[in-house]
Amino acid sequence: MRLPLMLLILVVSLPALSCPSLRGNFKNCRTSNTEGTSFTEITIEQKIVNRYYQYSFITRELNSSETRTEKYSADGKTKTTTETDPDTGMRVKTSTTTRCNGESLSTEMIAQVDSEEFANLTIQTSFSGTGLTQVFSGASLGQPVNETIFCD
């Protein structure tokens, strides 16, 4: 009786075991384009929801005190949302797929306005030592994106 129960527990928890631990508060974040200046603070919360890790990224811009929260479930399923941009009034449709790749969290995003794709990005988030790294690659508004955010 114990063996089937142990196998069931292993199968149910297996998706969560392959995901990185990214939980933390990172107060000194800078991009690869800036020289040591910190503009952003990132807090990452992590919990298991329906057998998959859900990551909450809380980003606070230090020069404006603007805070943004984004949640990603590392289940490999594409989620689509539509929001109205408060500045332009345009409706932006975003399709996001998040999965775990060993020690990194991979998020693929495609954003559209009026069925026209204007961004196609991949974000690889990983933790090493005491630092967090996010590597952005792809294209936005027809321009290549290749940027890294480093956080201590």
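Anything in segment 98-114 that is farther than 21 Å from Leu141 by Cβ and of a type outside the set (Asp, Glu)? List them, or say none.
Thr98, Arg99, Cys100, Asn101, Gly102, Ser104, Leu105, Ser106
Quick check on this structure: which one of Thr88, Thr107 is of a type in the set (S, T, N, Q) and free of Cβ contacts under 8 Å to residues at least 12 places away in the same chain?
None of the other options fit; the residue is Thr88.
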Open item on the list: Going residue by residue through segment 116-124, is there one that turns out to be loosely packed, with under 15 Cβ neighbours inside 10 Å, on the phi > 0 side of the Ramachandran plot and either outside any strand (DSSP E or B) or modelled with pLDDT of 95 or more (or both)?
Closed with: no
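The values are calculated or read from the model by the stated rules, or taken from the named source; none is laboratory data. As the structure is a prediction and not an experimental result, all values here were calculated from the model. We place every Cβ from the backbone using ideal geometry, glycine too, and count neighbours over all the protein chains shown.
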